1. Of the residues Tyr36, Tyr114, only one is closer than 24 Å to Cys129 by Cα and modelled with pLDDT of 95 or more; which?
2. If the requirement is being within 19 Å of Ser16 (Cβ to Cβ) and in contact with a strand residue (DSSP E or B) (Cβ under 7 Å, 6 or more places away or on another chain), which of these qualifies: Lys101, Lys126?
3. Can you say whether Met22 is within 17 Å of the chain's Cα centre (by Cα) and modelled with pLDDT of 90 or more, as far as the supplied structure shows?
4. Would you please name the residue that is nearest to Ala11 (Cα to Cα), looking only at residues in the range 48-89 that are touching a strand residue (DSSP E or B) at 6+ places or on another chain (Cβ under 7 Å) and of a type outside the set (D, E, K, R)?
5. Can you find, within the range 102-138, the residue that is surrounded by the fewest Cβ atoms within 10 Å (Cβ to Cβ) among those that are free of Cβ contacts under 8 Å to residues at least 12 places away in the same chain and among the hydroxyl-bearing types (Ser, Thr, Tyr)?
6. Across the range 54-109, what is the number of residues that are aromatic (Phe, Trp, Tyr), at pLDDT 95 or above and part of a loop (DSSP other than H, G, I, E, B)?
Amino acid sequence: MKIKFHDIEMAFDYVSSSQPLMNSAYISKTTGQIFYHSEMYDSEELPEDIYENDDYIEIPHKNDLDLSQHLVWQFVNREIPGLADKIRGFFSRPGAYSKYKSFLEEIGLLKKWYEFEETRTKETLKEWCNENGIEIDS
């Protein structure tokens, strides 16, 4: 069964919107149905066999796909390698991402960062689907 990529993206965003293990989503490869669960809020009832049945696959968190700092360094090495030391300084203290994004805005690269982040996230998520036998319908 083909599953709409948009639905997978929405589930991925839900899982990645909080700390790892706080939100989860599972997709049935047979039906395409996605089940959502949250440790913080009331959520829908999960199928009883969700953890034992190979038909269900847990949607990864962005950290599971190395889409956090690794992505930042890909962008920095590609677009502004001469400023890597400055950016490394941001990531040695709390609030790194807000400082990083503010800096990108100052130098006129924030929009380019968001485009890069979105493109790489989609590519990586499609690779994950392929590796897990999930047929997607763009």
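The values are calculated or read from the model by the stated rules, or taken from the named source; none is laboratory data. Here the structure is a predicted model, which is why all the values come from computation and not from measurement. Glycine also receives a Cβ, built like all others from the backbone with ideal geometry; neighbour counts cover every protein chain displayed.
1. On inspection, the qualifying residue turns out to be Tyr114.
2. So the residue among Lys101, Lys126 that is within 19 Å of Ser16 (Cβ to Cβ) and in contact with a strand residue (DSSP E or B) (Cβ under 7 Å, 6 or more places away or on another chain) is Lys126.
3. Taking the combined requirement at face value, the residue does not satisfy it.
4. Only one residue tops the list, namely Ile59.
5. Looking at the filtered set, the residue picked out is Thr119.
6. Qualifying residue count for the region: 0.
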